[in-house]
Amino acid sequence: MQSCNHSTEGAETLFPAYDYISGETFEIVRCRQCAQVVTLPVPADIGRYYPAGYYGDKKGRRFPAVMEWLQEKLYRWRSGQVLRRLNKKNAKVLDVGCGRGLLLRAFQQQGCDVTGTEFSDGACRFAREVLQLPVCVGLLPELKFPENNFDVVVMWHVLEHVSDPRPMVAEVARILRPGGLFLVAVPNFGSPEARLTKSGWFHLDIPRHLSHHTRESLSEILNQAGLKPTWVSSLAPEYDNFSFVQSLLNWLGARPNYLYNLLRGQSAKVIDGKKSYGSIIATVLLAPVLGAVSVPVTLLLAVLGQGATLTLTAAKKSSPPELP
């Protein structure tokens, strides 16, 4: 499938958005050619928008120990859920954009034959050197994995980093075995949180996030590739409450993602250390209140399928989709 170039002449501007790391401004637009909501312009050198601490410190940590512990437990649970749906032992698993490798390790610990991918050596250093996981460097289409090769392909908060997700998902379908499962998670651009806070939405994260998805748009992309959605959730405890608090702090005028940067480890900071006393005061006063409110609100939104993130599993159909 040929990728769409999202011409600016054929785009409907939705709103401008500010990158809290670089200080640059981008546009969130809907492409009239492919209907995908995207970030424009697409940076020529995306790597410079990922500061040194983005993937964590030398020990692979980004957040306080209790948050890291919670994330690892959730990864173990999620990998187990996927394998139960697959109903196959010793599954062959590919994690595209595996980052620090924590989810990939969770699959490995359950007896899977695992492989990861990342776009640079720096991005997968912890996964390779500390966790000793096999990780290939390169974009998925460039790596040319064999057809019908994997039982499970994972893209955990990775698809939003691709400007046109359709060719990427088509490649996932090609390398999945018939009946294999695709586990994909993305921020939910159609959520009330995203619609309310717009450019202040924590999960917008431009220009690192180049495409923006709703449940309907993601399901359509999967179906076009011959992948049938079989399960969907908008509950992600490691993201939901914090995203609610940080998005509202951004919307109310605090320095963008200031709390997020404060919580990151000393070697994992992503914005400069210049103090913003107004943001400090707002964070200290409002974060506890918003945190308490976030618990019932995010649970209700998740029950209604309107949470700030989407997680889907999709099964590869036994026969390839008809070409349009």
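Details
- On inspection, LEU285 does not qualify as surrounded by 13 or more Cβ atoms within 10 Å (Cβ to Cβ), assigned to a helix (DSSP H, G or I) and of a type outside the set (Val, Ile, Thr).
- Members of region 12-30 found to be aliphatic (A, V, I, L, M), in contact with a Lys or Arg (Cβ under 9 Å, 6 or more places away or on another chain) and either outside the structural domain of ALA225 (by TED's automatic domain parsing) or at pLDDT 95 or above (or both), listed by number: LEU14, ALA17, ILE28
For every residue, the table says whether it meets (1) free of Cβ contacts under 8 Å to residues at least 24 places away in the same chain; (2) farther than 23 Å from VAL186 by Cα; (3) buried (at least 22 other Cβ atoms within 10 Å of the Cβ).
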position	(1), (2), (3)
VAL93	no, no, yes
CYS98	no, no, yes
GLY101	no, no, yes
GLY111	yes, yes, no
THR117	no, no, yes
ALA123	no, no, no
ALA127	no, no, yes
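- Only strands (runs of 3 or more DSSP E) whose full extent lies in region 76-159 are considered here, and the ones with at least 3 residues that are touching a Ser or Thr at 6+ places or on another chain (Cβ under 8 Å) are 92-96, 135-137.
- Some residue of region 210-226 being in contact with a Gly (Cβ under 6 Å, 6 or more places away or on another chain), more than 17 Å from ILE28 (Cα to Cα) and assigned to a loop (DSSP other than H, G, I, E, B): no
- Among the candidates SER247, SER219, SER199, SER243, residue that is among the hydroxyl-bearing types (Ser, Thr, Tyr) and within 14 Å of the chain's Cα centre (by Cα): SER243
- Enumeration of residues in region 73-129 that are small (Gly, Ala, Ser) and either within 20 Å of the chain's Cα centre (by Cα) or within 21 Å of GLU238 (Cβ to Cβ) (or both): SER79, GLY80, GLY97, GLY99, GLY101, ALA106, GLY116, SER120, GLY122, ALA123, ALA127
- Residue in region 32-45 that is surrounded by fewer than 20 Cβ atoms within 10 Å (Cβ to Cβ), more than 17 Å from the chain's Cα centre (by Cα), of a type in the set (D, E, K, R) and part of a helix (DSSP H, G or I) present: no
The values are calculated or read from the model by the stated rules, or taken from the named source; none is laboratory data. What you are looking at is a predicted structure, and each value in this text was computed from that prediction instead of being measured. Note that each Cβ is placed from the backbone with ideal geometry, even for glycine, and that neighbours are counted across all protein chains shown.
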